[in-house]
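Everything below concerns the one structure shown next.
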Amino acid sequence: MQPTIEWTNDTVVMIDQRKLPVREIYVRCRTASEVARAIRSMVIRGAPAIGVAAAMGIALGMRRSRATGTKQFATEFQKTCELLAATRPTAVNLFWAIERMKQVFAATAAAGASVDDLRERLTVEAHAIHDEDVASCRAMGAFGAALVPQNARILTHCNAGALATAGYGTALGVIRGAVEAGKKVTVLADETRPFLQGARLTAWELVKDGIDTTVITDNMAGAMMRLGHVDLVVVGADRIAANGDVANKIGTYSVAVLAREHGIPFYVAAPISTIDLATPDGSRIPIEERPDREVTHVGTSRLTPTGAHVRNPAFDVTPSRYVTAIITERGVARAPFEGSLSALVHGGLTVTGS
Ligand code: MRU
């Protein structure tokens, strides 16, 4: 599979996720504004991938800058960071990546670096964020694989795969890790209305990998659980609050409640960059409302009568009491999450809980 996002000759190239699985076409961004537009319009989506795109967008923007002095360069850098930060509000990886770029800028500037040095250092950092994300996903996959039984039937919601990251995936990384560990698994992919990340993207990735995948509409998940067709659920996250509440794609909360009702483990796989210890609980996580058209239409076909009101919150919050464990690249956190998440964020490589 072509990478989700890559940097080639001072251009950021992304597979256009709006067009998958029907067409595999690539969008080439040559400016920070083009990257910002690509994030806002869902050419690229998924929390870690958005973070990588933002970092690359900043690096790209600053490579294009005509500033000759560091003062003007710093002003442009600030504006570029603001442009990228205004794209999508929920996934904290976006703000985490921008903050990391700001810290690198500040440290490099404080050491008396030239504009050219600053440009180079920002580019190196954006590449590092990309490469670390792939490594994190692989580590998550290895930790998560241990939680997947042989012959597991796994339900996932949305797309938390290679397309949502710099590669390999978080929730799908766990599935890939289990397969690489020699386990036979089958996957139920929720279609994930309204943007259909499950039906279009998760199914596309898994079929390409030769993993047995069945797409179901979102309202079938409960029946599948009741019939005994699901052994575990694994999903990604856009932001995890300090108490373990998880913001993820709309519909995740329903899946988590259903899983609890049926005694099915509900796992969340996410990198440390998704954990937001500054947000105490899920009620403080900003939830993006996306355009009505995503609900009223499928492609160009209208589904709803004009005059009907529409809601389109892109994410929901699953209270931590429904979460069996959170799988990160540093280990697996279990309740009480205040302690286990903070230990993973501040500590080194730790496996908490059992
Ligand atoms: O609106 P999207 O497609 O960006 O939402 C993506 C999700 O909700 C994913 O589950 C989440 O970002 C985790 S991706 C590894």
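The values are calculated or read from the model by the stated rules, or taken from the named source; none is laboratory data. Model, not experiment: these values are computed from the prediction. Glycine also receives a Cβ, built like all others from the backbone with ideal geometry; neighbour counts cover every protein chain displayed. The area values use the complete protein model at the heavy-atom level, side chains included, leaving out ligands, DNA and RNA. Shrake-Rupley method; radii C 1.70, N 1.55, O 1.52, S 1.80 Å.
Principal-axis analysis of the Cα atoms of the chain puts helix 337-346 at an angle of about 40° to the longest axis. Counting each pair of different Cα atoms once, what's the Kirkwood radius of the chain in Å, rounded to one decimal? Roughly 20.5 Å, rounded to one decimal. Sequence-ordered 3J(HN,Hα) estimates for the range 81-86 from the Karplus curve with 6.51, -1.76 and 1.60 and θ = phi - 60° stand at 4, 5, 4, 6, 5, 8 Hz, glycine and proline given as x. Taking 7 Å steps out from each Cα toward its Cβ at residue 207 and residue 28 produces label points 2.9 nm apart. For the chain, modelled as a GNM whose springs connect Cα atoms under 10 angstrom apart, the maximal fluctuation among 329, 288, 24 occurs at 24.
Multiplying the residue separation of residue 142 and residue 18 by 0.36 nm and removing their Cα-Cα distance gives an extension gain of 41.6 nm. Here the accessible area is traced with a 1.4 Å probe on the protein chains. For the chain, carbon and sulfur cover 53 percent of it. Taking max minus min of the alpha-carbon positions on each principal axis, the range 123-249 gives extents of 50, 34, 33 Å, largest first. Per-residue ellipticity at 222 nm from helix content only, as computed over the chain with -39500 (n - 2.57) for each DSSP H run of at least four residues, stands at -12500 deg cm²/dmol.
Estimated at 0.36 nm per residue, the fully extended path between residue 277 and residue 11 surpasses their Cα-Cα distance by 92.4 nm. Against the chain, whose longest principal axis is taken from its Cα atoms, helix 92-110 shows a tilt of about 20°.
Highest GNM mean-square fluctuation among 243, 219, 159, for the chain modelled with Cα contacts below 10 Å: 219. Using a simple spin-label model with pseudo-atoms 7 Å out from Cα toward Cβ, residue 214 and residue 40 lie 4.2 nm apart.
The calculated FRET efficiency for residue 309 paired with residue 342, based on their beta-carbon distance and R0 = 41 Å, is about 0.50. For an R0 of 25 angstrom, estimate the FRET efficiency from the Cβ-Cβ distance between residue 132 and residue 82 and round to the nearest 0.05. The pair residue 132/residue 82 has a calculated efficiency of 0.55. Computed from Cα atoms, the angle from the helix 47-64 axis to the main principal axis of the chain rounds to 10 degrees. Electrostatic bookkeeping for residue 39 treats Lys and Arg as +1 and Asp and Glu as -1; over the other residues with beta carbon under 9 Å from its beta carbon, the sum is +4.
Computed from the C-beta positions of residue 261 and residue 150 and an R0 of 35 Å, the FRET efficiency is 0.90 to the nearest 0.05. Report note on the peptides 140-151, 56-67: ranked by the mean count of other C-beta atoms within 10 Å, highest first, their order is 56-67, 140-151. Quick check: the distance between the Cα centres of the range 138-180 and the range 1-26, to the nearest angstrom? About 22 Å separates the Cα centre of the range 138-180 from the one of the range 1-26.
Only lysine pairs 8 or more places apart, or on different chains, with alpha-carbon atoms under 18 angstrom apart are counted in the chain, and they number 6. As a length-normalised measure over Cα pairs under 8 Å and 6 or more apart, the relative contact order of the chain settles at 15 percent. When the chain is treated as a GNM with alpha-carbon contacts under 10 Å, the residue of 87, 108, 274 showing the greatest mean-square fluctuation is 108. The residues of the chain expose, per residue, 41 Å² of accessible area to a 1.4 Å probe.
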